[in-house]
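Heads up: the structure comes next, in structure tokens.
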């Protein structure tokens, strides 16, 4: 009896288990004729959220002023690549020395300080200046006395009280006193005193021997060689001032490359300190002499430097394109884009390709040469690709927002 009940219980359990397996299999089956793969849902989700795709509404496209241009093959002018060295613009550099010997009474300018033209850099205490001021005061007093005597003699001569000869003697003395006063005043000007400072010279002035050293131009104090209490002479350089808003870059051009370099040619520069920055300059000078030892010609490039990123002494990678190139020799066309189409994104350069319907794809590209506002693209694009030439920075910002989790703007 027990054995029969056990068999019945076992059959019931197996039947129930079979029904559960059958029901689970039916639940996992899709519609007839449809193959389903679990990874397809993940792939579809990734495609929908591709971080390299930016989607914009027509209104936003218009607001951003987005314009496109087709990547096309172009023959670029010849390119000369060389190395240069940054230097001060010698026309905007000043070495400040005293015009008279003296002991340093006070220093006001600090190393690295920006100063304006006419600003006091230091003050000297000069015995020679004190003597010159005293001589000026004596000459001024003699001139005043001679003037009064001459005016009195004129009145006496008019009233026939004194002779004309006495009046002429007084006149000569007055003229001589005027000359001595002008000479004493000119001496003070040669020492660097202005008209206003000369006018302030009086017997009651306790600082008669103090001489201000002023900045001859506006710029930065790049050298300082003076301390309080030391004796300095006109041969001594106290300060060096430089206007770094524009610098020079010197390059040496091989004799064989001279035909590629002309005054007013445009130049691109980069320095190791700021690899993400590109500087532009102009060839302003080309030496008329070839160095007999190196067979090179010295050339100078003027470069705007408003942020003072370029510092004298730096080495620079220089690229010169020849706008006068007549296409001599065989040149192979290369795929090019306007420079405005490329944006730096971290360590990479990227462009945005118009896919249509307000969709733009971010692509990493490899750059080659530059010339005439165009840049060579060696990898990442194909001919005919419609690339955003205006508004690429806006699209890069949209990608950045997406990466921060804000989503693409629609």
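In region 292-301 there is at least one residue that is part of a loop (DSSP other than H, G, I, E, B), in contact with a helix residue (DSSP H, G or I) (Cβ under 6 Å, 6 or more places away or on another chain), outside the structural domain of residue 70 (by TED's automatic domain parsing) and under 20 Å from residue 83 (Cα atoms). Against the criterion of being loosely packed, with under 13 Cβ neighbours inside 10 Å, under 30 Å from residue 213 (Cβ atoms) and modelled with pLDDT of 95 or more, residue 91 qualifies. Apart from one condition, residue 263 fits all of (1) closer than 19 Å to residue 320 by Cβ; (2) surrounded by 12 or more Cβ atoms within 10 Å (Cβ to Cβ); (3) touching a strand residue (DSSP E or B) at 6+ places or on another chain (Cβ under 6 Å); the exception is (2). Is at least one residue of region 355-364 touching a helix residue (DSSP H, G or I) at 6+ places or on another chain (Cβ under 9 Å) and assigned to a loop (DSSP other than H, G, I, E, B)? Within region 355-364, one or more residues are touching a helix residue (DSSP H, G or I) at 6+ places or on another chain (Cβ under 9 Å) and assigned to a loop (DSSP other than H, G, I, E, B).
Scanning region 321-342 for residues that are crowded, with 19+ Cβ neighbours inside 10 Å, part of a strand (DSSP E or B) and modelled with pLDDT of 85 or more yields 335, 336, 337.
Of all residues in region 299-311, those that are over 22 Å from residue 265 (Cα atoms) and touching a residue at least 24 places away in the same chain (Cβ under 8 Å) total 3. May I ask you to verify whether residue 313 is loosely packed, with under 14 Cβ neighbours inside 10 Å and modelled with pLDDT of 90 or more? Yes, satisfied.
The values are calculated or read from the model by the stated rules, or taken from the named source; none is laboratory data. Quick caveat, the model's predicted, so the values are computed rather than measured. So basically every Cβ, Gly included, is an ideal-geometry build from the backbone, and we count neighbours across all protein chains shown.
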